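Data block below; observations after.
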Amino acid sequence: MPVWLFSVLFIVALTLIGVLTRLNYHADLDALYVVFAVFFSTNLMISYWEICLFHKRDYIEQRSTHWRARHEESGRSPIVEFLLAKVSLARPLSPTLWADAWGAYSVYDESYVDRGTFGFNCDIANGYFTPVPTLVLYATFTVGFLPAVVAGILAAMLFWQWVYVSTVYVVSFFVAKRHQRLRPGEVFGFIVVPDSPWVLIPLLGIYVAIRLIVDGDYTVLGLM
């Protein structure tokens, strides 16, 4: 199974857990809730990749050299090649496999082979810091088990750090002039597009957080 398909199925499976649980408890579904269910599921997957980034640092540096040489020889996108690589169903969570995502991505952003950069360290922090609060928010957005005000405060904290960190990462990419050696299409496709959901959806999340706090209930997410 190719990496891209496994990743999509993994996100769909995690999203369905939330959707089916919500339908079982409340027999209704809200579009805003589905957006966050997909986002939370995606972040949980990416967090695992980021943990692999920390534990496989030396390996990623080796693979970066491989991907750069291959890119220069073939002209093919390392990201596309990685997404088309096969996932072993015997070891679907192999740290070596998922660490290679960063080796491929480092062709476009050298941050991931430089342990002193903001990009390298903020992603590791996301991998270790956000899974637990992500799971808590996912669960309470699904069944409303926390008081709405508490959920709103937690959501405001988590969503704001995503907005702030993701924005600073993109800004640091341009301030460091890493964009100058890439084509505009590569900057847009491999930097702007992947990071936009971690700014736009959390901005929406901040609105939801404010509504949870002000309203004192989950009406904004369709829960009565």
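The values are calculated or read from the model by the stated rules, or taken from the named source; none is laboratory data. Keep in mind the model is a prediction, meaning the values are calculated, not measured. FYI the Cβ positions are ideal-geometry reconstructions off the backbone, even for glycines, and counts take in every protein chain you see. Ligands, DNA and RNA are excluded from the accessible area calculation, which covers all protein heavy atoms including side chains. Shrake-Rupley method; radii C 1.70, N 1.55, O 1.52, S 1.80 Å.
Springs between Cα atoms under 10 Å define the GNM used for the chain, and in it the highest mean-square fluctuation of Pro95, Pro202, Pro194 occurs at Pro194. Solvent-accessible surface of segment 146-224, taken per residue with a 1.4 Å probe and all protein chains present: 52 Å². Calculated mean residue ellipticity at 222 nm for the chain: -24000 deg cm²/dmol, from DSSP H runs with n ≥ 4 weighted as -39500 (n - 2.57), summed, divided by the residue count and rounded to 500. Under the criterion of Cα pairs below 8 Å and six or more residues apart, the relative contact order for the chain equals 24 percent.
Rolling a 1.4 Å probe across the protein heavy atoms gives segment 73-129 an accessible surface of 47 Å² per residue. Distance from the alpha carbon centroid of segment 23-43 to that of segment 56-128 works out to 30 angstrom.
For the pair Val150 and Thr65, a Förster radius of 35 Å applied to the C-beta separation gives a FRET efficiency near 0.15, rounded to the nearest 0.05.
Taking only protein heavy atoms and a 1.4 Å probe, the accessible area of the chain is 69% carbon and sulfur.
Taking the inverse of the mean 1/r over every pair of distinct Cα atoms in the chain gives a Kirkwood hydrodynamic radius of 18.6 Å.
Out of the trypsin sites (Lys or Arg not before Pro) in segment 125-224, which ones are loop residues according to DSSP with at most 16 other C-beta atoms within 10 Å?
Values: sites: Lys177, Arg178, Arg181, Arg211; in loops: Lys177.
Answer in residue order: Lys177.
Rounded to the nearest Hz, the phi-derived 3J(HN,Hα) couplings of segment 195-205 under the Karplus curve 6.51 cos²θ - 1.76 cosθ + 1.60 (θ = phi - 60°) are 8, 4, x, 7, 10, 5, 5, x, 4, 5, x, where x marks glycine and proline. 3J(HN,Hα) couplings calculated from phi for segment 131-145 with the Karplus curve 6.51 cos²θ - 1.76 cosθ + 1.60 (θ = phi - 60°) are, in sequence order, x, 5, x, 4, 5, 4, 5, 4, 5, 6, 5, 7, 10, x, 7 Hz; Gly and Pro show x.
Grab the Cα-Cα distance for Ile210 and Trp4, subtract it from 0.36 nm times how many residues apart they are, and report the gain in nm with one decimal. Can you show the working numbers first?
Working: separation 206, 0.36 × 206 = 74.16 nm, distance 3.50 nm.
Here the answer is 70.7 nm.
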